[in-house]
Ligand code: ATP
Ligand code: MG
C-alpha cells in the first residue's frame with residue numbers, strides 16, 4: 001500500500017481549518033493508504049511558546065485526532081518527539097540543504113517579520129528541513145498539503161532528489177537499497193476543494209491557531225454558547241442575499257463554504273437553501289449545524305481524555321510502529337553518507 005504522512009502542530013486549539021484541511025481527510029485516507037499521523041511537537045517550539053503547556057497541547061491534539069475518527073487500528077498515531085530519528089535525519093539533511101533554499105521560504109519571511117529579530121530562533125529558518133525529515137523518514141508516497149505548505153513540500157522533493165544524487169545511485173544499491181535511491185520523492189495530495197477555511201473576522205486571511213484573537217476561529221472544543229457568540233459577532237457584509245465566489249464578499253463565501261462542509265451538502269443545495277436568506281437567519285442555521293457536528297466529537301474527546309492510559313498506549317504503539325520504519329531509513333542514510341557503523 002502507498003504511504004501517507006501528515007501532522008498538526010500542538011501550538012494551540014485545533015480549529016475548523018485544521019479539521020477540514022487536514023484531520024477530517026485523514027479519516028478517509030486511513031482506509032486507502034498506509035497512514036502515519038503525528039503530533040508535530042518539535043515544530044511547535046520554532047516560535048516562543050510556553051513550556052508548561054506543550055505536553056498538554058500534544059495530548060489534547062492526539063485526543064482530537066481520535067475523537068474526529070482517526071482509528072489507531074488503521075493508522076499509526078504518535079508524537080513526533082517520541083521518534084528520535086526525526087531530529088537525527090534533520091541534521092543529516094541540513095548538511096545537504098543550501099541556505100539559499102531556506103531564505104526563500106515565504107512562511108519564514110512572514111513569521112520572522114512578525115516576530116522581530118531577537119525573537120526569531122534558527123529553528124524557524126530550518127523548520128522546512130525538519131518537515132522534509134518527517135516525510136522522507138517514512139519513504140512517503142503522498143503528503144496532503146494545504147496552500148500554506150506547498151512550498152515546503154517542493155523543498156522536500158528537491159532535497160530528496162539532491163540527497164539521492166549526492167549519496168545514492170550505485171553505492172546505495174550495493175548496500176542493499178532498492179530502486180537506486182535513498183529517498184522516495186513524495187507527491188502532494190491535493191485536498192478536496194473548498195478546504196481552505198478563512199478567519200471569522202477577516203475573510204482574506206486564513207483561520208489559524210496562532211492568530212491572536214480567539215474570535216477569529218471556531219475551535220473543535222468550543223462550547224455551544226461560544227460557537228453561537230462567535231458566529232453572531234463574525235464579520236459579514238451589507239449586500240442583499242448570500243452567494244459563493246463573489247470576490248467582493250470573501251466573508252460570505254467563507255461562511256457558506258463552512259456551512260457546506262459542516263452540513264455535508266453540495267454547493268448547489270446550499271445555494272438553493274441560502275441564496276435569499278438574510279444574515280440573521282443564516283447565522284442561526286450555521287450555528288446549529290456547527291453545534292450538531294461538533295457535539296459528538298466533543299463527547300468522544302471527553303471520554304478519551306478521561307482515560308489517559310488508553311491514549312498513552314495508542315501513542316506508545318504508534319511510536320513503536322513509526323520508529324521501526326524511521327530507524328531503518330536513518331540507518332541507511334548514515335551508511336550512504338559514509339559514517340562508521342556501530343556494532
Ligand atoms: P499555526 O498558526 O500555528 O501555524 P495552523 O492553524 O496554521 O497553526 P498547522 O498546525 O500549521 O495549523 O497546520 C496543520 C494542518 O492544518 C496543515 O495541513 C494545514 O494545511 C491545515 N490548515 C491550517 N489552517 C488551515 C485553514 N485555515 N484551512 C484549511 N487547512 C488549514
Ligand atoms: Mg500553519
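For the chain, the relative contact order works out to 23 percent when only alpha carbon pairs closer than 8 Å and six or more residues apart are counted. Based on the reciprocal of the average 1/r between different C-alpha atoms, the Kirkwood radius for the chain equals 21.5 Å. Each residue in 259, 49 was given a count of other beta-carbon atoms within 10 angstrom of its own, and listing them fewest first yields 49, 259. The length gained on full extension between residue 122 and residue 334, counted as 0.36 nm times the residue separation minus their Cα-Cα distance, comes to 73.9 nm. The length gained on full extension between residue 285 and residue 32, counted as 0.36 nm times the residue separation minus their Cα-Cα distance, comes to 87.7 nm.
For an R0 of 51 angstrom, estimate the FRET efficiency from the Cβ-Cβ distance between residue 215 and residue 91 and round to the nearest 0.05.
Working: r = 41 Å, r/R0 = 0.80.
Rounded to the nearest 0.05, the efficiency is 0.80.
Computed from the C-beta positions of residue 278 and residue 205, the FRET efficiency with R₀ = 22 Å rounds to 0.30.
For the stretch 198-343, what's the relative contact order in percent, using C-alpha pairs closer than 8 Å and at least 6 residues apart? Before the final figure, lay out the partial values.
Details: 111 pairs, mean separation 27.3, N = 146.
It rounds to 19 percent for the stretch 198-343.
The label point for residue 237 and the one for residue 106, both projected 7 Å from the Cα toward the Cβ, are 2.2 nm apart. Counting beta carbons within 10 Å around each of 218, 231, 45 and listing the fewest first gives the order 45, 231, 218. With each label modelled as a point 7 angstrom along the Cα→C-beta vector, the residue 292-residue 225 pair spans 2.4 nm.
Based only on other Cβ atoms within 10 Å, what is the fewest-to-most ordering of 210, 323, 133, 309?
Least to most surrounded, the residues fall as 309, 210, 323, 133.
Mean residue ellipticity at 222 nm, helices only, the chain: -16500 deg cm²/dmol; runs of at least 4 DSSP H residues each add -39,500 (n - 2.57), and the sum is divided by the number of residues.
Read-outs throughout are calculated quantities, based only on the coordinates presented, and are distinct from any laboratory measurement. Because the structure is predicted, anything quoted here is derived from the model rather than measured. Every residue, glycine as well, gets a Cβ built from its backbone with ideal geometry; the counts of neighbours run over all protein chains shown.
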